[in-house]
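K.L.:
Starting off with a structure, shown below.
The values are calculated or read from the model by the stated rules, or taken from the named source; none is laboratory data. Please read these numbers as outputs of a predicted model, since none were measured by experiment. With ideal geometry, Cβ positions are generated from the backbone for all residues, glycine too; neighbour counts draw on all protein chains shown.
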Amino acid sequence: MYKQREHVECAFDVLKNPLESDKTYLSFVALYNYYALMNRLREKELLKKVSVRELLLQFSKVYVVTDGRREIISEVPKKVEDLAEKIGVDISTTDQRAVK
């Protein structure tokens, strides 16, 4: 039980600290998202190669820039493209959507 508790606390810290959140409900949202990402990595058999923290770090390099009328996705690094393809996430560098 103690070892499981350590995993839960680590999961809270991985997402809560970057959110700079001291709100309890955000902690639970962070925990839910952490395990959703972990399960996706596990499904794709990538969990031994990529941690949730590494996945978030890599995806944090991609930005959406808005000029008021449209959104443009920044350049997507090759490593992010590869990870997105492996986990089944569509990141389109040519996606330029109108802002509503």
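K.L.:
For residues that are among the charged types (D, E, K, R) and not in a loop (DSSP other than H, G, I, E, B), scanning just the stretch 66-76, find the one that is farthest from the chain's Cα centre (by Cα). I'd like the intermediate steps shown before the answer.
P.N.:
So the first thing to find is which residues in the stretch 66-76 are among the charged types (D, E, K, R), and the list is 67, 69-71, 75.
Of the ones still in play, those that are also not in a loop (DSSP other than H, G, I, E, B) are 70-71.
Values: Arg70: 23, Glu71: 20 Å.
Among those that are among the charged types (D, E, K, R) and not in a loop (DSSP other than H, G, I, E, B), it is Arg70.
K.L.:
Could you list all residues from the stretch 1-25 that are under 22 Å from Ser60 (Cα atoms), among the hydrophobic types (A, V, I, L, M, F, W, C) and at pLDDT below 70?
P.N.:
Those that are under 22 Å from Ser60 (Cα atoms), among the hydrophobic types (A, V, I, L, M, F, W, C) and at pLDDT below 70: Phe12, Val14, Leu15, Leu19.
K.L.:
Further question on the same structure: Just to be sure I understand the filter: pairs with C-beta atoms under 7 Å, separated by 6 or more residues or on different chains, first member in the stretch 70-88 and within 15 Å of Ser60 (Cα to Cα), second member assigned to a helix (DSSP H, G or I) and not acidic (Asp, Glu). Which pairs pass?
P.N.:
Every condition considered, the pairs that remain are Lys79/Gln58; Val80/Gln58; Val80/Phe59; Leu83/Leu55; Leu83/Gln58.
K.L.:
Another question, then. Output the residues belonging to the stretch 36-65 that are surrounded by 15 or more Cβ atoms within 10 Å (Cβ to Cβ) and either of a type in the set (Val, Ile, Thr) or not in a loop (DSSP other than H, G, I, E, B) (or both).
P.N.:
Across the stretch 36-65, the qualifying residues are Leu37, Met38, Arg40, Leu41, Val50, Val52, Arg53, Leu55, Leu56, Gln58, Phe59, Val62.
K.L.:
Another one. Out of (1) exposed (fewer than 11 other Cβ atoms within 10 Å of the Cβ); (2) modelled with pLDDT of 85 or more; (3) of a type in the set (A, V, I, L, M), what's the single condition that is false for Ile72?
P.N.:
Of everything listed in (1) exposed (fewer than 11 other Cβ atoms within 10 Å of the Cβ); (2) modelled with pLDDT of 85 or more; (3) of a type in the set (A, V, I, L, M), Ile72 misses just condition (1).
K.L.:
One residue is enough: does the stretch 30-38 have a residue meeting the conditions at pLDDT 90 or above and within 15 Å of Asp82 (Cα to Cα)? Lay out the reasoning, then the answer.
P.N.:
Kept after step one, since they are at pLDDT 90 or above, are these residues of the stretch 30-38: 36-38.
Filter again for within 15 Å of Asp82 (Cα to Cα), leaving none.
No, that holds for no residue.
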